1. Return the residues of the stretch 113-152 that are among the polar types (S, T, N, Q), closer than 23 Å to residue 62 by Cβ and under 21 Å from the mean Cα position of the chain (by Cα); say none if nothing qualifies.
2. Residues in the stretch 128-142: is at least one touching a Ser or Thr at 6+ places or on another chain (Cβ under 6 Å), crowded, with 20+ Cβ neighbours inside 10 Å, charged (D, E, K, R) and not in a strand (DSSP E or B)?
3. From the residues in the stretch 70-112 that are over 18 Å from the mean Cα position of the chain (by Cα) and acidic (Asp, Glu), which one is surrounded by the most Cβ atoms within 10 Å (Cβ to Cβ)?
4. Restricting attention to the stretch 32-53, report how many residues are of a type outside the set (Gly, Ala, Ser), over 16 Å from residue 134 (Cβ atoms), in a strand (DSSP E or B) and open to solvent by less than 90 Å² (accessible area, probe 1.4 Å).
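The values are calculated or read from the model by the stated rules, or taken from the named source; none is laboratory data. Just so you know, these numbers come straight off a predicted model, no measurement behind them. Here Cβ is always computed from backbone atoms with ideal geometry, including for glycine, and neighbour counts include all displayed protein chains. The accessibility values were calculated without ligands, DNA or RNA, using every heavy atom of the protein model including side chains. Shrake-Rupley method; radii C 1.70, N 1.55, O 1.52, S 1.80 Å.
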Amino acid sequence: MNRRVLSMIGGAVFCCMVTASVVQAEASSPELRKVDGSYLTMEESSTGTTADSAERGIHLMTGDCTISKAGRGKIYAYASTTAEHEVNYIATIVYVDRYLEDVDAWGYVTSWMEDVENDVYMSTAKTVYVEGGYYYRVRARHVAGNEYPYEETASVTDGIWIQ
């Protein structure tokens with residue numbers, strides 16, 4: 001009986017210690033700000049992927065985009081689109097945005113588009129020179145299909161701070 005009581009007390013003490021450490025960890029981590037679907041982070045990179053597959057249709061499988069630091073005043077932006085099977089047309093449109101604190105919104109920096117015909121997959125990437133001291137994110141539109149109108153979806157990264 002004494003062992004059972006000691007075991008229960010030990011378990012309760014352990015649970016209290018774990019709960020206290022989790023609460024303390026949550027209290028010490030700063031709140032991340034979210035603007036138009038993207039958190040403002042201090043990470044080295046961020047990746048976004050397309051949402052629910054049911055929204056994409058029968059040709060378009062998935063799309064991804066990534067932003068990463070490439071040095072002072074430079075980012076590396078990447079995006080890809082994958083179809084469920086070979087299709088007549090695949091395209092990826094990539095946008096780079098900068099967070100504008102004065103209006104609390106993302107502003108356009110640059111964009112480009114790549115497309116291929118009769119394929120299953122395509123990707124595009126560029127190193128983009130940007131002004132330091134801001135958060136940047138990458139958005140992408142992913143398009144695939146056999147005839148117009150094509151199926152479309154989107155992906156977006158979180159914002160990362162660039163020196």
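1. 123, 124
2. no
3. Among them, the one singled out is 84.
4. Count: 1.
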